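One structure below.
The values are calculated or read from the model by the stated rules, or taken from the named source; none is laboratory data. Nothing here was measured: the structure is a model prediction, and the numbers come from that model. Positions of Cβ are backbone-derived with ideal geometry, glycine not excepted, and every protein chain shown enters the neighbour counts. With ligands, DNA and RNA removed, areas are computed over all heavy atoms of the protein, side chains included. Shrake-Rupley method; radii C 1.70, N 1.55, O 1.52, S 1.80 Å.
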Amino acid sequence: MKLATTTEDFNRFCSTYKERIDCIYNAGFRYVDISFYDVDKSMELLGGNREQNARELKAYGDKLGIKFVQAHSPGGNPLAGGVISEDIFQNTIRSIEACAILGIPNIVCHAGFDEVWDKAKFFEMNKKFYSALFPIMEKTGVNVLVENGTKANMPNGYYTNSGADIKELVDYLNHPLFHVCWDTGHANCEGSQYDELMAMGSDLYALHINDNTGSSDLHTIPFLGTVNMDDVMHGLIDSGYKGYFTFECCSVLRPSHYWQGDRREYSADTRLLEPTLAMQSEIERFLYNVGMHILKSYNCFEE
């Protein structure tokens, strides 16, 4: 397997995709996940000059020897209020178009949700959302991947948190360009992972590798939490996974304002309120070394 990580690692520290990619490259990574999750920080590839910017970014990656291998669509609930969000839908289409220019085969698009939906309603509503993306998927050839969730993030209502359920959703939509991304952190909040990975089989196209302590979605580095990486690796190998080993550990250094809790305030002095780019660069090098250790331990590390 080949190691990849997300540009989200440097969203808080860098203003352009080129700057983020430089930081990822300097840490040792040669395979990159382009994040569109934060729309405000993604307008370079979603705004008015997006096609030209995407072509220039592709050329820059080629010059460095970087390959763009997967992406994450804009964040938010695409079915808030039980209707397709026009803003999220249009930005998702633009992100898929950018993937086509960048040569990215797979993009993760979160399912929509509502706390009052049961499984049948969840499947029905998400078929409407994902089916609306089928034309741009077919035009570009880009796979859209649904991601597993966890009750730690959404305690009420139904969501595809298990390998069996997410496989059932893929079969329900029944489209050759619709598959799965497995998030190991979300899965860790639900339990062990081997059987879940086996349940998805050949529909598993991508990974979000991250860790936590099992109670909340921390997106930290493996070995800083309770994910059993032997459990994960055996599941990936035995299920025949052929994709990239892609990290999504972008919250190791928290900003002062964070969705899982803000830093305590001390208004008299704020010089240590935020982490620095230098800190994140050290984290990124450590992340690459952790990935090499995991994959080399199972004789499956690829340059």
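Restricting region 259-274 to residues that are touching a residue at least 12 places away in the same chain (Cβ under 8 Å) and farther than 15 Å from THR220 by Cα, the residue that is most open to solvent (accessible area, probe 1.4 Å) is GLU274. Within region 96-134, the residues that satisfy the criterion of being of a type in the set (Asp, Glu) and in a loop (DSSP other than H, G, I, E, B) are ASP114, GLU115, ASP118. If you check SER216, SER251, SER281, SER256 for being out of contact with any Gly (no Cβ under 9 Å at 6 or more places or on another chain) and buried (at least 19 other Cβ atoms within 10 Å of the Cβ), only one passes: SER251.
Entry remark, region 125-170: residues being farther than 20 Å from PRO105 by Cα, of a type in the set (Asp, Glu) and open to solvent by 40 Å² or more (accessible area, probe 1.4 Å) number 1 in total.
Let's see how each residue does on (1) in a loop (DSSP other than H, G, I, E, B); (2) open to solvent by less than 30 Å² (accessible area, probe 1.4 Å); (3) under 23 Å from ALA27 (Cβ atoms); (4) free of Cβ contacts under 8 Å to residues at least 40 places away in the same chain:
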| position | (1), (2), (3), (4) |
| --- | --- |
| LEU45 | no, yes, yes, no |
| ALA54 | no, yes, no, no |
| LEU57 | no, yes, yes, no |
| TYR60 | no, no, yes, no |
| GLN70 | no, yes, yes, no |
| ASN91 | no, yes, no, no |
| ARG94 | no, no, no, no |
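Scanning region 226-243 for any residue that is surrounded by 16 or more Cβ atoms within 10 Å (Cβ to Cβ), in a strand (DSSP E or B), touching a helix residue (DSSP H, G or I) at 6+ places or on another chain (Cβ under 7 Å) and at pLDDT 95 or above turns up nothing. Just one of the numbered conditions (1) open to solvent by 30 Å² or more (accessible area, probe 1.4 Å); (2) under 22 Å from VAL144 (Cα atoms) is not true of ARG30: (2).
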